[in-house]
Structures are given as C-alpha cells and as structure tokens.
Amino acid sequence: METRFHLAYHIRDLDEARAFYGAILGCEEGRSTDTWVDFDFFGHQISLHLGEPFATANTGKVGDHMVPMPHLGLVMRQADWRALADRLEAAGVPFILPPQTRFKGEPGEQSTMFFTDPSGNPIEVKGFADWDGIFAR
C-alpha cells in the first residue's frame, strides 16, 4: 500500500507561507484559493488555511531538550537533511533548536533541527545516516 500523509493547519498570511514553503523550503505549490494553498511537502500534502495557528508549548522532552508540542516533522536521508539545513541557515531562518546530532552512537542516532514557519508553526526535520535506524530501539 502506498500512502502519503495529508496535514491541514492554519497560517496567518498566504504570501508569507508561499515565500517560506515555496522559496525557502523548496516545496512545489499545488492548488489554492483566496483562503488556502496546498504544497508538496517533500512528497506529502500540506494544506495551509488562513486562520489562527494552533497553540504550542515547549513540553516535549527529548534528550536534554524541551521541544514545541505539537509540531509537524519530516524524516530525511542525512545528505538531504544537511542540504536543507544549509539552505535554512543561508536564508537566515531562526532555529528553535539549531542543526545538531543527538543520540550519537546509540540506536536511533539522528540529526535534527527545529524552526517555525512565519506563522509560528513548529517544524522538526530529522536526518538519518542509517535509514533502517528510524525505528531502532
């Protein structure tokens, strides 16, 4: 069975969303109206609707860090993760948690970074050198 996730959430400004998701993240824009826009979010569909973004709080404890909950995330191969981290850094995107590696030498070793879109929606992107380690215990 082939699947892709679909996630719809609120943003405050369509033009800001287009600039961030399209120009900075490199996501291809899909259908849109005057109140929402779809993007191909690295092979998955996100629908961004005008409205008040969901409330978040730094309540997720991962290792030594408290991370924003809820958040959407993405898992990439390490080389793609590094390229995206470099693109975000070059664009001056502020990080909640800057690009780094956690769980070094342990099952599930991963690179991670947290940032927000212009509406404050938190996004985590993980990078795995060992693709089979995504669900390692």
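A short reminder: the numbers here are calculations on the coordinates, not readings from a lab. Computed from a predicted model, the values in this text were never measured in an experiment. Neighbour counts run over all protein chains shown; Cβ positions are idealised from the backbone, glycine included.
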Among the residues of the stretch 76-86, are any polar (S, T, N, Q), under 15 Å from the mean Cα position of the chain (by Cα), surrounded by 13 or more Cβ atoms within 10 Å (Cβ to Cβ) and within 22 Å of F128 (Cβ to Cβ)? yes
So which residues in the stretch 91-127 are touching a Ser or Thr at 6+ places or on another chain (Cβ under 9 Å), assigned to a loop (DSSP other than H, G, I, E, B) and surrounded by 13 or more Cβ atoms within 10 Å (Cβ to Cβ)? V93, E109, G120, N121
Expected single match for closer than 21 Å to D13 by Cα, part of a helix (DSSP H, G or I) and touching a strand residue (DSSP E or B) at 6+ places or on another chain (Cβ under 9 Å) among L88, L84, L48 is L88
Just the residues that are assigned to a helix (DSSP H, G or I) and either without any contact (Cβ under 8 Å) to a residue 12 or more places away in the chain or not acidic (D, E) (or both), please, taken from the stretch 70-81. Q78, A79, W81
So F135, is it of a type in the set (F, W, Y) and not in a loop (DSSP other than H, G, I, E, B): no
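I'm trying to understand the selection: among the residues of the stretch 14-59, which are among the small types (G, A, S) and closer than 25 Å to T3 by Cβ? Don't jump to the end; show me each part of the working.
Taking the stretch 14-59 first, the residues among the small types (G, A, S) are 17, 19, 22-23, 26, 30, 32, 43, 47, 51, 55, 57.
Correct list: A17, G22, G26, G30, S32, G43, S47.
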